[in-house]
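The values are calculated or read from the model by the stated rules, or taken from the named source; none is laboratory data. No experiment lies behind these values; they were computed from the predicted model shown. Heads up, the Cβs are rebuilt from the backbone with ideal geometry, glycines too, and the neighbour counts pull from every protein chain shown.
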Amino acid sequence: MTTRKSGSRLETEIERCRSEGQWDKIPELVRQLSAKLISNDDLGELLLGECKLQAYLKENPIKQGSSPRGPRLKLVEVRKHLTAALDRGNLKPDYLQEASLLMAKLCYVEAEFREALGHYGRVNLDEMQLAGAPVYRLSMIAEAYATKGLCLEKVPAGSPSLSNKNSGSPSSSRSTTDREQEIITCYEKSGDIALLYLQEAEKALSAGIQNRSPKPGPTTQEQELGYFLETGLQRAHVIHFKNGNLTQGVGRFREILRAVETRTTQNLRMTIARQLAEILLRGMCEQSYWSPLEDPPAVSPLDDPTRQGHIYIKNYSLSRSPRLYSGENLFCPQENTEEALLLLLISESMANRDAVLSRIPEHNNDRIISLQSASVVYDLLTIALGRRGQYEMLSECLERAMKFAFEEFHLWYQLALSLMAAGKSARAVKVLKECIRLKPDDPTIPLLAVKLCIGPLHWLDEGEMFAKMVIDMGEKAAEFRAKGYMAIGLVYSLKATDASLRSSQEEYQRKALGAFQRAQSLSPTDHLAAFYLALQLAVSRQIPEALGYVRQALQLQGDDVHSLHLLALLLSAQKHYHDALNIIEMALSEYPENFNLLYTKVKLEAMCRGPEEALLTCKHMLQIWKSFYNLTNPSDSGRGSSLLDRAIADRRQLNAMTLPDFSDPETGRQQVFLLIWDFLLSVTLNFHSGKTDALKSEVYIGMSKPAEAAACTQEAANLFPTSHNVLYMRGQIAELKGNIEEAKRWYEEALSINPTHVKTMQRLGLILHQLQRYSLSEKVLRDAVQVNSTAHDVWNSLGEVLQAQGNAAAATECFLTALELEASSPILPFTIIPRAL
Amino acid sequence: MFGSERSVVEEWLSEFKSLPETHIPSYAGSLHLKKSLVPALYRVIQDPNNELLEPVCHQLFELYRSSEDRLRRFTLQFLPELVWVYLRITASRDRQSNGCIEALLLGIYNLEIVDKDGNSRLLSFTIPSLSKPSIYHEPSSLGSMVLTEGALCQHDQIRVLYSGLHPQRETFTAQNRFEVLCFLMLCYNAAVVYMPLSSYQSVCRMSSRLCVCGFPRQQQKLWREPCNRVLLDPEFMVQMLTAVYHAIYNGEWEMGREALEDIVYRAQLELYSQPLLLGNAMKSSLPESAPDDPRGRKVLQVEVTPTVSRISISAITTASIRRHRWKREDTDGMSGGEDSFNINDPDEGFSSGASNSSQPSGTKAGARLSRDREKVREREREADRKPELLTDHQPAESRPPQRQQSPPSSINLEAIHLSPIKKHLSFPVGPALVRTGSTSSSKSFDCMTFNLNGGEDEQEEAARGEDKERGISVGGSHRHSTISLQEEHLVRPEEAQELLPAGAPLTKQSRSPSFNMQIISQV
């Protein structure tokens, strides 16, 4: 550094130091400068004044919201330098302007606001050249505008002292609005030029780095904006929002965000992007939105109507503005959620970058800050995506939040809920486990887990564990206690259905009944508690008691579809088929497209009114399927399509609800079909209509129309060859045609797919009986009774086989059991009604 | 109801009837000046036995049918109250007929589901993607794009239909009730800014009462009128939350927060994940203090914020790790120009050069929507035909050929297109990677195909499993996509590794450094 630099080289070096804020190098450079030419002395004074002022501000930064504190000893020196520079009048005009601006800034720091305004009046900021100006001068101008704005805010509008200071129009004529307008214009100009300055500074910096070798030291240190530029960038929109002028505030936010970012503006952009998203989500709606590239509406409901006088009109243009993002096919939001999402995604990526990963205690505060700023963004993302039903994408976003989430309950819980909403049940349960660990006394969390376990997952053991957690909370679980008993009741009830041994079946049923009774007594106004109690009683064939509770459930919730269905089945168990049909028809008037109800209706109609009418209902079912799918699968707009998601969710539900035979847990678990649900849409559509075909053929079989039945079954079989139901149906057709051997083959195939399909077992047993293979027949039928001890026709067949074998005593017992069961047998198994939390 | 209120309503009824067409705009402008009219109308709506209810409902519908936005919004302000009255009566044991309210609600619904030309109104929006330049950002400057399957599938902006294709409804049934009400609330929320304070109060009141009536919490409320529990739909609760959220920040701070609490309470009791998710987010992002004026708005508080990062330089952050990595590479002397990277802070995955050059077009989304619409029509046409085999659908689904280039041929593309998450495979292996340079692109392809193959294997295994079980060939099961397999995890209890599947960012980060280095050094 001791080598002497030639004049222009020296000037460049000075310019660079000023631009990069390396004030400590200035005195040395000034010494070299003065040594060259006497006339440089004035410039030297200017530079020394500047660097001392800057050094002072660095040591004593002005805080936002606080006022400058008046004259300070150190500043006397600065004033001396600057006065010297100004007084002699030897400076080039550019430098003279700079000296005036610095003087004004000094006045502001010394709280001499009027004097500062006087200096600005002399300089005329608007005429300072932006194009071609050195980088440091851009910063100076930006600071000057901001300082002027600050001074104008301090000096009351009507102050007479201003007119003395040659500041343009006489102040007496100014209204408050004009003054406000002027202040905001100052800040907006300051902000625009500040953005320009930062872009230029960054450009110069990276150019400098590339030109210079060897590599410089830590030149990439964070550049600090300082009080004046910060104020210039932000004060304008702060005033807009204080005045209730949201339209202008939003406009200003957008202007700042559209400027190409620099390293220094990153934090500001992150804050502003989040704030703008908040406004879009909290204060705007679809109808009041205008796109960033459109003019705002003249009258907007956003603006505070009581402050109509404060409308600000932007009426300036700068000779040079900050660079904006540009290029072809720039995405520009057209809708408020779109814009909010874009902004939030940008904020999110920035927040993620600042995630503090270390866990040492010294960084605790940093970690809290980074967590807070991120979690605000994630909450807003949740609100924006949630109201549009985009849970899939939301769960992916929240997954990214997990780097903040160590021991943070809120983030874990939100992730779990989003996974649940997105249908990712298995993952949701695992995340819920962590939530339970973090907040062990909240009963909602284990209940949510049970809901998933007994619903889509069918993890009954896990479900039992979660439900027990709720029950163990006892009184602490408050209103959720009843729900806890209901949950465990459902787990036991489903386990009973799954159990293959009669003893364990009965044990689970007993436990389930106890739990439901407890739930019902804890929450007598909950229709679900009464309903599940009724259902469990029905399953254990306590028909009159069940009727009592289902009536109670219906009183609490008149149009609950499951209660109505159960009522109809109970009536059918009492052989009041016509009453049952009336109930079903009433229920169907409220739920015209419910397949479970329609299916029961078909069965009842076949019983009461003959197969012709049942067939009509079948056709109706088919039509509904078609229209249902034509309505709900239009968009394959891909990932995130909420309609499609809904359709899939519907199908999941349908799996449990509308396909009685298939979902009937007594006929083996649903794996086969659950696999199918993940098949794509059209496959399922056809599969379902195939199901209806199968149902239709059942009716045809009832009408002894083997040809039509065969055609129907064939259709169903083409679509879904591996269905045990279809094979069973084929067996029946073969039987109808008299092909016993063929029927036997079909039944055996059906059983190889689903070894616990009771109906098939019964038919097979009967055929074996016909073929006089008694002991094998007995074995099959006994297995069937093991699987479902309430199937009265199986008991009956078993009796017949035993009788044929000459075992009269056992046969009688079987017949008696059959008789007894038949007296309480519903038209379809009670378990057709889905059990879910 | 007082005589004066009655006369206000009667005057309003007769005035509009005698209004000539040309006076409607000025009438619309002056309607809000009738200060006593709105409270009087609320009284009428709240009383099911009021004989003015029917003419009032009729007139509200007439206003809604007019082409004047202000008149439509006048009717819309009563929507929350109408919904509340309707649902309360529906849930009550003695189901009085609230026919005229039902008719009004259905009338508004039937008007709103179609556009001006009578076509079904489709509401859609674009999910922005950070890998596309926008007016607010440049992909290169946001370094957080990890090169993952997830990032790739978000590469394109996606146009999403969030409401549409609602059928006309003549009557309410238990089955369609919430479909209609959800849509009505969606309309209300789309205009919520224009609603007066009284309507915000009404929406908060409606939400609170619907959520607590018949539950123990009702006992803590001032409003104790005995009432049955009202069944609620999760999606409807989300719409309620959206309206309440707005009310909170626009003058109904107290009532709004109470309603928010009540909705969350109910969502917990019902174990509804969606409203619980949103409600939690809304609660946790509430400002700590009420607005100064109890009726004041609090859309936003802004102060001048310091631009300096509040996080100390010494803390280890994602960004600092990155910086560190670049610095280390620098000392190793691997490549020049890393300082400019330092400024841009490039990240795992897409480096600046890679993503800059990879922006096909933003208009694709719109095009796709219109294609969707075509498809809708296609389906409608198909409705007339018989539901045929799968193959019949395929021509309609097939894509422009350029999008099918890259995925391995063993994956059935049609099947993938039908999948809700199809873009996993059909799009992302796109130009971005190809242009980063041959090695890196082949590398990433390896990764992709690895994933695909992984999925394939698993799927084949599943298929084999089926075969074994049944001894019967499984016709269409090869139409699985990896996605559907992921979905399938839901139903398979034995998914032990579920918590961290191949697509999870966590595992990815452990994998990415090696090959993002490669890509960047290509650049």
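Overview of values
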{"read-out": "Every residue from the stretch A:376-390 that is at the interface with chain B (Cβ under 7 Å from one of its Cβ atoms) and in a helix (DSSP H, G or I)", "value": "A:Val376, A:Asp379, A:Leu380, A:Thr382, A:Ile383, A:Gly386"}
{"read-out": "Evaluation of A:Lys601 against (1) in contact with a helix residue (DSSP H, G or I) (Cβ under 8 Å, 6 or more places away or on another chain); (2) charged (D, E, K, R); (3) over 24 Å from A:Gln536 (Cα atoms) (one fails), failing number", "value": "(3)"}
{"read-out": "Helices (runs of 4 or more DSSP H) contained entirely in the stretch A:742-837, each with at least 2 residues that are within 30 Å of A:Leu533 (Cβ to Cβ) and among the acidic types (Asp, Glu)", "value": "A:808-823"}
{"read-out": "Filtered residues of the stretch A:298-326 (kept if assigned to a loop (DSSP other than H, G, I, E, B), within 14 Å of chain B (Cβ to nearest Cβ) and at pLDDT below 80)", "value": "A:Val299, A:Ser300, A:Pro301, A:Leu302, A:Asp303, A:Asp304"}
{"read-out": "Any hit, the stretch A:346-363, residues being modelled with pLDDT of 90 or more, within 7 Å of chain B (Cβ to nearest Cβ), within 13 Å of the chain's Cα centre (by Cα) and assigned to a helix (DSSP H, G or I)", "value": "no"}
{"read-out": "A:Ala496 vs. criteria at pLDDT 95 or above, part of a helix (DSSP H, G or I) and either crowded, with 22+ Cβ neighbours inside 10 Å or small (Gly, Ala, Ser) (or both)", "value": "no"}
{"read-out": "In the stretch A:783-819, the residues that are over 19 Å from A:Pro829 (Cβ atoms) and aromatic (Phe, Trp, Tyr)", "value": "A:Phe815"}
{"read-out": "Qualifying residue in the stretch B:195-217 (condition: closer than 20 Å to B:Pro291 by Cβ, within 11 Å of another protein chain (Cβ to nearest Cβ) and buried (at least 18 other Cβ atoms within 10 Å of the Cβ))", "value": "yes"}
{"read-out": "Any hit, the stretch A:108-116, residues being aliphatic (A, V, I, L, M), in contact with a helix residue (DSSP H, G or I) (Cβ under 7 Å, 6 or more places away or on another chain) and free of Cβ contacts under 8 Å to residues at least 40 places away in the same chain", "value": "yes"}
{"read-out": "Residue within the stretch A:550-560 that is surrounded by 19 or more Cβ atoms within 10 Å (Cβ to Cβ) and farther than 25 Å from B:Pro226 by Cα present", "value": "no"}
{"read-out": "Test: residue in the stretch B:146-165 that is facing chain A (nearest Cβ under 8 Å), at pLDDT 85 or above and assigned to a loop (DSSP other than H, G, I, E, B)", "value": "no"}
{"read-out": "Single residue of A:Arg541, A:Arg510, A:Arg518 found to be of a type in the set (D, E, K, R) and not in a helix (DSSP H, G or I)", "value": "A:Arg541"}
{"read-out": "Count of residues meeting criterion [among the polar types (S, T, N, Q), within 25 Å of A:Ala614 (Cβ to Cβ) and not in a loop (DSSP other than H, G, I, E, B)] in the stretch A:544-587", "value": "3"}
{"read-out": "Pairs with Cβ under 8 Å, 6+ apart, first in the stretch A:731-757 and touching a residue at least 40 places away in the same chain (Cβ under 8 Å), second not in a helix (DSSP H, G or I)", "value": "A:Ile753/A:Thr722; A:Ile753/A:Ser723; A:Ile753/B:Ile472; A:Asn754/A:Gly668; A:Pro755/A:Gly668; A:Thr756/A:Ser500; A:Thr756/A:Gly668; A:His757/A:Gly668"}
{"read-out": "Where A:Thr831 falls short, out of the listed (1) within 29 Å of A:Gly463 (Cα to Cα); (2) at pLDDT 90 or above; (3) among the hydroxyl-bearing types (Ser, Thr, Tyr)", "value": "(2)"}
{"read-out": "Considering residues of the stretch B:236-277 that are of a type in the set (D, E, K, R) and surrounded by fewer than 21 Cβ atoms within 10 Å (Cβ to Cβ) only, the residue nearest to the other protein chains (Cβ to nearest Cβ)", "value": "B:Glu270"}
